[in-house]
Structures are given as C-alpha cells and as structure tokens.
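The values are calculated or read from the model by the stated rules, or taken from the named source; none is laboratory data. This is a predicted model, so every value here is computed, not measured. Using ideal geometry, Cβ is built from the backbone for each residue, glycine included, and neighbour counts are taken over all protein chains shown.
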Amino acid sequence: MTPTAWRIFRVVITLILLIGLPTSVILERALSASLLEQIEQDLLSRAAMAEAAARGAEGAELDRLADQLGKAADARYSFIGPDGRVVGDSEFDGSELGAMDDHSARPEVVAALAKGRGKSMRYSTTLDADLLYVAVPRDYADGRGVVRVAMPTTAVDAAVAQTRATLATAGAMALALAIIGSWLAARVVNSQFEGLLDEAKTLALEADAEVADDEEEEEDEAERSDPDIRGTPLPAPSRELEGELSRAVRALAEQRDLVRAVVDGIQDGVIALNAEGRVDLANAAAVQLLDWKKVPRGKRFAKRVPPVLAAHVDDLRELGTAEAELRLDWRTVEVASAELPKTNGLVLVMRDVTELRRLERVRRDFVGNVSHELGTPIAVIRANAETLLDGALDDPIGRQRFTEAIDRQAQRLSALVMDLLQISRIESGELPLDLEELDLAELFANIVEVTAPDAAKRGAAVHVEPTEGTVFADARALESILENLVGNAIKYGGGEVVLAAKTRKGQTRIYVRDNGPGIPEEHRERVFERFYRVDKGRSRDVGGTGLGLSIVRNLAQAMGGRVGVDGAPEGGAAFWIEL
Ligand code: ADP
C-alpha cells in the first residue's frame, strides 16, 4: 500500500472507532435500561394479576396461591400483611413464614402503600441473589398490605450480556466492512492521485530530458522524482485539469526547445548570467570560444574565463550596456552585452574576430606595400622623362641612358602588375586547376628549356637529377612554381642550380637547390609573404617584384600542397614543394 492510501485508510479507521465506541456504549446502556423497565412492567402486571387472583383469600390460602403463581411464573410471590408480616410466600411455607422478619420497612412496600406501586433492587440474604422487587397494594381483612413479585436480576444481566454480545458481533462486522470499504476507497482515490502524479511527472521528465545535459540537472531530477512526493496530497484530479496541465507543459517545452535551437544556431557565443553572475545558459559557440568542456550551468562565470573577461563583466554591472574588444589569450574577442532588467541578469554575445582582424591587417599592409612598390618606378620614370624634356633629348648619350632607365622601370611596373594580377586571380579562385598525372622527367626538361635563356644571360647552369615517376598536379601551376623557384635560384644563387624529386609514402617532394648564399634561418618562414625580401638591394637589381614566392605558395596551396625552404648541402637555398 502506498503512503497516500495508507493515510486515507488510517483516517477512516480512526473516524469509525471514534464514532463507533461511544455509540455502542450508549446503545448498551439504553438497551439494558429499557430491558430492566420491561421486566419491571412485567413484574408490575404480575403483581396486579396476583392481587386480582387473590381477592377475598386470606391466610393459608394466600400462601398456596403464592406457591402456585411462583411455580408457574418462575418468580417469587409474597403476600405481606398490613403489619409487615409475610402471610404467603412462594419460597417459604408454614413455620418458616412465621420466622420471617417484619417487611413493613422494605422500600418497595413503603412506596407501594404510599404511591400505589413500589420497586427496589437489592441483595436478598434469604435467596442469596440480587433481586428486583415490585409491589402493589392489596386489601387484607385487617387492613392494607401489599402483593410483591420479585425476580433475580441475573435474568436482566443475562439479557444485557446477550444484547452486548449481539451488539459486539454487529459492531465487529461493521468494522470489518468499514475496513475493507475504506481500504478499497483509499486504493481507488490513491490510484487517481498516482495517475495524475505519474502523468505530470512524465510530462515534466519529457520536458526536462532535453534540458538535462549535465549531471547537476540529473540530480535535480532525482530530487523531483523523490518517492516522497507520492505522500503529498493534491486536490482531486479531473480529466480536464490533467489535459490542461499536459497541454501547458508541452507548449512550454516546445517554446523552450525553439529558443534553445535558435540560440544554439547563432554563430556568436551567447551566454546568460543570473544576478549572482552564475551561468544560466550558454550556446555551443560560447562553449567552444571559451574552451569549456560543457555548459557550467549554475557555476560562477568569473571563475571559468580569463581574468580580462571577468573584469570586463564586473565593469559592465556598473556601467550597463557596452561593447568591447578583448584579447583573450591568443584570441581577439568582441563582447557585446545587455542587462536583463527583470532578473538583473546579463546577456553576453561574443564573437571571435581574431582572423578578421588579421586579414584586415594583411590587407592594410598589402595596400601600403603595393602603393609603395608602384610609386617607386613611376617616380623614376617621371624623373627621367622630365630630364629628357628639360633638354636631355638633345644630348645623345644622356638620351640613351634616360630612355633605358624609363624602359627598365616600365618593365618592372609591368612585371609587378602581372604578378599582382596573378595573385588576385589565384586568391579569388578564378584560376581553373586541372589536376593530372605529370611525368617528372618531362616536366623538369621543360623547365630547363624555358629558363635556359635567363640562365645563359646570368652565366648559370641548371642540372636535373635523374628522376622517375609522376606527380599529381595542374601542369600550368606547377610549371609556374618551378619557373619562379629556378628563376630565383639563377638570380640569387651561385651559378649551379639542381632540380630533383623524391617520393616517400605517396608524397612527392620536388627540390630546387642552388649554391648561393641561401636563406638565413630567421627569414625562412617569412620569404613567402608578399613583398618580403631578404636582400632588398639585390632584389631590385635583378628586377624582382617581391611577389614571386608568394605566388609560389598560393599556387601550391591551391593544389593542396605545401612549400618550404631549407639550407642546401651545397650551402645555398633548397626550396621544396610537396604534393
Ligand atoms: P623577388 O621578386 O624579390 O625575387 P621573391 O618572392 O621571389 O621576390 O623572393 C623573395 C626574396 O627571397 C628575394 O627578394 C630574395 O631576397 C630571397 N630569395 C629568393 N630565392 C632565393 C635564393 N634561391 N637564394 C637566396 N635568396 C633567395
């Protein structure tokens, strides 16, 4: 039996006992009183009958009559004369009668003579029993006496005992019926409670199941489904109430799921803090941004974030809504916030702008560099043209020199513009790549041929190490990469250039080595940046744009490859591209 049913049952039983016990006591008393009265009436009418039967009789006649009546009715009959002497008695005869004491003071005799009837209940030494005496007046020859009838009260006691037994049996049966009835009622009522409770709980659990994404919640849930709740009395359930309740719970759950889905779908980190600065809600983006393993629901926000952010939130409480850009470790994060007026909570919206800020910087630097790179040759061209116009045109030697300078700068400008165009094309993804198996030996022979005029001009030699196999790449892009690397080796190297390839674990690395000064360790990472030059003067002298290696890296990445530079065994640079 569940606690609720047990409770209902106990209340009903207590009520039954409280009402039943006094009732049965009162009932028993009333019954025995009425029984006694009935016997009294009975004795009274017998006395009256005896008086009538004995009219005119006197002396021994009366004693005989008393004997007859007593035998017939199982009671004691006495005729008591006006002087208190017992004239006749059903229990005594002859000499015994004479020995009996004066009865005129007996209460029933006194009352009968005074009021016409009398009764008394007392112990009779003569009969050794409790007797009920009833007396009525009778006219004797010598005056007014009484007729008395007596009966032992044991008869009354027996009748009362029997009544009590009947009452007890009936009471026990009623109690048993009440117990069974109340037990059944308790069960029915309880099952209705349980039904409603179970339904409410199922709905609550269903709704919670989606929220319960951490242990704390599971603990809460355990609390909520504590079996003790079954002992909690609820107002009587009705079908409509249940329906209403489940609809409301379902609507709430749907609403909450919707909000959750929307918040989780936001790319920015969203965090809601309560008035105490504990985390109420955090979406997936926030968890990722702050390197959390899970949402620290109910935990102090300030203890789980870098100090800069904790301090910022502290300031926000004082200053209200504000936006800020904070450096959290290696990240740059934009934090917007709004106060929740009702709860005094705080909502933070955080965006990782690290990459955005880096790109902005690169773009700014690039624009600056391009302006500078274009500005220099244009200034030289203008200066030479002005000199020519100012009269140098008439000077045959000067004319030749200035025009050549203009031509050199124009070529540089043209190379620069071509390189910028190519970079822009690669970066915008406009360059169509057609990846295919390329024969390495064929590829190398081709490069040697294309770079031969340049090598010859600078007195350099390009060698190819015996190579077999193929590489999976776009022919034009890979040729462009190798032309650039070989061109640089010819320009900056010591005259010997080697083209080689190595294949390991399905990865092919192509090397372009030279025996020049090489690239010092500290510049190796940065030579692939746009406009980065190790030796500015030499680059300008050889007509470099500072964009060659940047193009190389962009092309390699477009094909899913990598580039790098090591020191060559010969002491020069060893550039490589891995595909
Ligand atoms: P540039 O047009 O100036 O050659 P690159 O991007 O091709 O620009 O090269 C960047 C810089 O790297 C060059 O200015 C040069 O200082 C250095 N560099 C490139 N290749 C070599 C090499 N093989 N040996 C030494 N330095 C080199």
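In the stretch 488-512, the residues that are in the same structural domain as Ala556 (by TED's automatic domain parsing) reach residues that are near the ligand (Cβ under 9 Å from one of its atoms) and among the acidic types (Asp, Glu) with C-beta atoms within less than 6 angstrom, at least six apart or across chains, in these pairs: Ala489/Asp514; Gly493/Asp514; Val497/Asp514.
Among residues of the stretch 8-38 being surrounded by 14 or more Cβ atoms within 10 Å (Cβ to Cβ) and within 59 Å of the chain's Cα centre (by Cα), the one that is farthest from Ala178 (Cα to Cα) is Ser24. Summed over the stretch 541-579, the residues that are near the ligand (Cβ under 10 Å from one of its atoms), of a type outside the set (A, V, I, L, M, F, W, C) and surrounded by 15 or more Cβ atoms within 10 Å (Cβ to Cβ) give a count of 7.
Only one of Lys491, Lys457 is crowded, with 17+ Cβ neighbours inside 10 Å, among the charged types (D, E, K, R) and outside any strand (DSSP E or B). Can you tell me which? Sole residue among the options that is crowded, with 17+ Cβ neighbours inside 10 Å, among the charged types (D, E, K, R) and outside any strand (DSSP E or B): Lys491.
Taking every residue in the stretch 527-538 that is within 18 Å of Gln422 (Cβ to Cβ) and touching a residue at least 12 places away in the same chain (Cβ under 8 Å) and pairing it with any residue that is of a type in the set (D, E, K, R) and more than 6 Å from the ligand (Cβ to nearest atom), at least 6 positions away or on another chain, the pairs with Cβ-Cβ distances below 8 Å are Phe528/Arg553; Phe531/Glu373; Tyr532/Arg526. In the stretch 493-540, the qualifying residues are those that are β-branched (Val, Ile, Thr) and within 9 Å of the ligand (Cβ to nearest atom), and the one that is nearest to the chain's Cα centre (by Cα) is Val527.
For the stretch 67-76, does any single residue satisfy the condition of being in a helix (DSSP H, G or I) and buried (at least 19 other Cβ atoms within 10 Å of the Cβ)? Scanning the stretch 67-76 turns up at least one residue that is in a helix (DSSP H, G or I) and buried (at least 19 other Cβ atoms within 10 Å of the Cβ). Regarding the stretch 465-478, can at least one residue be identified that is within 11 Å of the ligand (Cβ to nearest atom) and in a loop (DSSP other than H, G, I, E, B)? No: the stretch 465-478 contains no residue that is within 11 Å of the ligand (Cβ to nearest atom) and in a loop (DSSP other than H, G, I, E, B). Before we move on, is Ile397 free of Cβ contacts under 8 Å to residues at least 60 places away in the same chain and in a helix (DSSP H, G or I)? For Ile397, the condition - free of Cβ contacts under 8 Å to residues at least 60 places away in the same chain and in a helix (DSSP H, G or I) - is met. Selection over the stretch 278-291 of residues that are crowded, with 16+ Cβ neighbours inside 10 Å and either closer than 18 Å to Leu328 by Cα or among the aliphatic types (A, V, I, L, M) (or both) gives a count of 8.
Within the set Ala275, Ala253, the sole residue that is under 22 Å from the mean Cα position of the chain (by Cα), farther than 27 Å from Leu356 by Cβ and exposed (fewer than 13 other Cβ atoms within 10 Å of the Cβ) turns out to be Ala275.
Checking the stretch 517-532 against the condition returns a match, with at least one residue being out of contact with any Leu (no Cβ under 7 Å at 6 or more places or on another chain), over 30 Å from Pro377 (Cβ atoms) and surrounded by fewer than 17 Cβ atoms within 10 Å (Cβ to Cβ). Looking at the stretch 159-177, which of its residues are modelled with pLDDT of 80 or more and of a type in the set (A, V, I, L, M)? Passing the criteria: Ala161, Ala165, Ala168, Ala170, Ala172, Met173, Ala174, Leu175, Ala176, Leu177.
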